[in-house]
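Below: one structure, written as structure tokens.
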Amino acid sequence: MSRSTVQPEQMQIIDQNILDARIEGINLTSDTLQDEMGHSIVLFVFLRHFGCLFSKEMVLDVRNMVENNPFAPKPLFFFQGSVKDGKAFFEKYWPQARAIADLDQHFYKAFSVKSGGIKQMFGPEVWKCGLRAAAKGLIIGRPIGDPFTLTSIQLAQRNLILWQYHSVHAGDLPNLSKIENFPQFASTVYSVPR
């Protein structure tokens, strides 16, 4: 599968057990993933690890998208740390963000978030992207979570993944302009009967 999927025939059904899974985190309003999603189109953002400057950059990019576009999909972050770790991280980068603690990577595995090897973590492309992030004032910190996890973002509604992007290396972040108006132009409420 390509790393950016937009064709309707490639939409994926989210397993009901995953939707019914209990969640904990920060700024959440519900106890299960499905209830937290509601009926709107939601942007799942699976972060690398908290020490990663690209995770910080991803949060700031999503925050900028949401604050500058009322039609942007509402984000729901996933992170590989404790609730306490999440509060400390998001307090610095976006205190109002909704985020699910996934220390055991239950959701990361369920949504097929990839891991990389040495080349994906330290290859020449990653260094170029590191300069991009450093120019924004971001620095590397202590890893909290698996440092080999790659970024993944996915647009979901009810029980469907509508679109997804999987990074090919640590610094590969999606062009959010491709999705920021998705909910505005979506004319159908997608759902597959149970």
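The values are calculated or read from the model by the stated rules, or taken from the named source; none is laboratory data. Note that this is a predicted model, so its numbers are computed, not measured. Note that we place each Cβ from the backbone using ideal geometry, even for glycine, and neighbour counts take in every protein chain shown. Side chains included, ligands, DNA and RNA excluded: accessible areas come from the protein's heavy atoms. Shrake-Rupley method; radii C 1.70, N 1.55, O 1.52, S 1.80 Å.
What number of residues within the range 41-60 satisfy the criterion of being at pLDDT 95 or above and surrounded by fewer than 20 Cβ atoms within 10 Å (Cβ to Cβ)?
So the answer is 1.
Counting only residues that are touching a Leu at 6+ places or on another chain (Cβ under 6 Å) and outside any strand (DSSP E or B), which one in the range 42-55 is farthest from Val168 (Cα to Cα)?
Across the range 42-55, the extreme among qualifying residues is Leu53.
When residues of the range 124-152 are filtered for being closer than 23 Å to Lys84 by Cα and touching a residue at least 60 places away in the same chain (Cβ under 8 Å), how many remain? Before the answer, list the steps.
First pass over the range 124-152, keeping only residues closer than 23 Å to Lys84 by Cα: 138-152.
If we keep only those that are touching a residue at least 60 places away in the same chain (Cβ under 8 Å) as well, we get 138-147, 149-152.
Within the range 124-152, residues that are closer than 23 Å to Lys84 by Cα and touching a residue at least 60 places away in the same chain (Cβ under 8 Å) number 14.
Might you check whether a residue that is touching a Gly at 6+ places or on another chain (Cβ under 8 Å), at pLDDT 90 or above and either farther than 25 Å from Gly25 by Cα or of a type in the set (S, T, N, Q) (or both) occurs anywhere in the range 78-90?
Yes, the range 78-90 contains at least one residue that is touching a Gly at 6+ places or on another chain (Cβ under 8 Å), at pLDDT 90 or above and either farther than 25 Å from Gly25 by Cα or of a type in the set (S, T, N, Q) (or both).
Where in the range 96-168 are there helices (runs of 4 or more DSSP H), lying fully within it, with 2 or more residues that are at pLDDT below 95 and open to solvent by 80 Å² or more (accessible area, probe 1.4 Å)? Working first, answer last.
Values: elements: 106-110, 118-122, 124-134.
In the range 96-168, the matching helices (runs of 4 or more DSSP H) lie at 118-122, 124-134.
Select from the range 62-94 the residues that are part of a loop (DSSP other than H, G, I, E, B), open to solvent by 20 Å² or more (accessible area, probe 1.4 Å) and touching a residue at least 60 places away in the same chain (Cβ under 8 Å) and list them in ascending order.
The answer is Phe71, and nothing else.
Restricting the range 1-39 to residues that are at pLDDT below 90 and charged (D, E, K, R), which is surrounded by the most Cβ atoms within 10 Å (Cβ to Cβ)?
Arg3
I need the full set of residues from the range 61-88 which are in contact with a Leu (Cβ under 8 Å, 6 or more places away or on another chain), within 20 Å of Ala101 (Cα to Cα) and of a type in the set (A, V, I, L, M, F, W, C), in order please.
Across the range 61-88, the qualifying residues are Val62, Leu76, Phe77, Phe78, Phe79.
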